[in-house]
Amino acid sequence: CRGLCHAANWAKCHRFNAEGGSIGPDLSTAGLKFSLPDLLDSLLEPSKAISDQYGSHQVTTLGGKQAVGRVVEIGDELHVYTSDPDAKPIVIPKAEVDEMIASPVSQMPTGLLDPLNEEELRDLLAYLLSGGNRGASYFRP
């Protein structure tokens, strides 16, 4: 998965066995939490069910500027992490916030599986479901 996760830019947002980013959930134990159909569903339709921990918000300032992303409160500021894993967070003083509403759209972009061929998709799913154990039954033909 290391190559596939990095090639699809998943490693920028998700952790797997202590490697990767933290914008999205840690996928190390995805195989213990999700069945194959549920895992595929979350990959194909990321906005269908969004965890409260990783939900996005639309923040509007008193001046009318908007930022959409995962919001982290730090002191008297909101740090808005957009869907661009390479971007720095947008920092908004709480006193300047006019409105903050939950976004129905996941931070995870749709179409992440599109660049993968059938074999790569099988390998990726096997890796996620097995927790990275290459000796697991998921890898048998």
Completion exercise
Going through segment 84-108 in order, the residues found to be open to solvent by less than 70 Å² (accessible area, probe 1.4 Å), closer than 25 Å to Leu44 by Cα and touching a residue at least 12 places away in the same chain (Cβ under 8 Å) are Pro85, Ser103, Ser106, Gln107, Met108
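Results for (1) within 28 Å of Leu128 (Cα to Cα); (2) of a type in the set (A, V, I, L, M); (3) in contact with a helix residue (DSSP H, G or I) (Cβ under 9 Å, 6 or more places away or on another chain), shown as yes or no for each residue.
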position: His14; (1), (2), (3): yes, no, yes
position: Thr29; (1), (2), (3): yes, no, no
position: Phe34; (1), (2), (3): yes, no, yes
position: Ala49; (1), (2), (3): yes, yes, yes
position: Leu62; (1), (2), (3): no, yes, yes
position: Asp86; (1), (2), (3): yes, no, yes
position: Pro89; (1), (2), (3): no, no, no
position: Ala95; (1), (2), (3): no, yes, no
position: Met100; (1), (2), (3): no, yes, no
Exercise for the section: State whether the residues of segment 12-29 include one that is part of a loop (DSSP other than H, G, I, E, B) and touching an Asp or Glu at 6+ places or on another chain (Cβ under 8 Å). Expected result: yes
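Collect the residues in segment 52-111 that are charged (D, E, K, R) and either out of contact with any strand residue (DSSP E or B) (no Cβ under 6 Å at 6 or more places or on another chain) or more than 23 Å from Trp10 (Cα to Cα) (or both), keeping them in residue-number order.
Correct list: Asp52, Lys65, Glu73, Asp76, Glu77, Asp84, Asp86, Lys88, Lys94, Glu96, Asp98, Glu99.
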Completion exercise
In the set Glu73, Glu120, the lone residue that is among the acidic types (Asp, Glu) and under 21 Å from Phe34 (Cβ atoms) is Glu120
Handout entry: Residue check, Lys33 among the basic types (Lys, Arg), open to solvent by 40 Å² or more (accessible area, probe 1.4 Å) and more than 21 Å from Ala126 (Cβ to Cβ)
Key = no
Exercise for the section: Could you check Leu124 against (1) within 21 Å of Lys12 (Cβ to Cβ); (2) touching a strand residue (DSSP E or B) at 6+ places or on another chain (Cβ under 8 Å); (3) among the aliphatic types (A, V, I, L, M) and say which number it fails? Expected result: (2)
Exercise for the section: Could you grab me the full set of residues in segment 48-82 that are outside any strand (DSSP E or B), touching a residue at least 40 places away in the same chain (Cβ under 8 Å) and open to solvent by 50 Å² or more (accessible area, probe 1.4 Å)? Expected result: Ile50, Tyr54
Exercise for the section: Would you point out the residue of segment 89-123, among those that are in contact with a Phe, Trp or Tyr (Cβ under 9 Å, 6 or more places away or on another chain) and not acidic (Asp, Glu), that is modelled with the highest pLDDT? Expected result: Ile90
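Does Leu39 meet the test of being out of contact with any Gly (no Cβ under 7 Å at 6 or more places or on another chain), open to solvent by less than 70 Å² (accessible area, probe 1.4 Å) and either part of a loop (DSSP other than H, G, I, E, B) or closer than 30 Å to Leu129 by Cβ (or both)? Let's see the steps before the verdict.
Working: out of contact with any Gly (no Cβ under 7 Å at 6 or more places or on another chain): yes; open to solvent by less than 70 Å² (accessible area, probe 1.4 Å): yes; either part of a loop (DSSP other than H, G, I, E, B) or closer than 30 Å to Leu129 by Cβ (or both): yes.
Spelling it out, Leu39 is indeed out of contact with any Gly (no Cβ under 7 Å at 6 or more places or on another chain), open to solvent by less than 70 Å² (accessible area, probe 1.4 Å) and either part of a loop (DSSP other than H, G, I, E, B) or closer than 30 Å to Leu129 by Cβ (or both).
May I ask you to list the residues in segment 109-126 that are touching a residue at least 40 places away in the same chain (Cβ under 8 Å) and within 17 Å of the chain's Cα centre (by Cα)? If you could, list the steps in order and put the result at the bottom.
Taking segment 109-126 and keeping what is touching a residue at least 40 places away in the same chain (Cβ under 8 Å), we get 109-110, 112-113, 115-116, 120, 123-125.
Listed by number, the residues that qualify are Pro109, Thr110, Leu112, Leu113, Leu124, Leu125.
The values are calculated or read from the model by the stated rules, or taken from the named source; none is laboratory data. Keep in mind that what you see is a predicted model, and the values were worked out from it rather than measured. Glycine gets a Cβ as well: all are built from the backbone with ideal geometry, and neighbour counts include every protein chain shown. Accessible surface areas use protein heavy atoms only, side chains included; no ligands, DNA or RNA. Shrake-Rupley method; radii C 1.70, N 1.55, O 1.52, S 1.80 Å.
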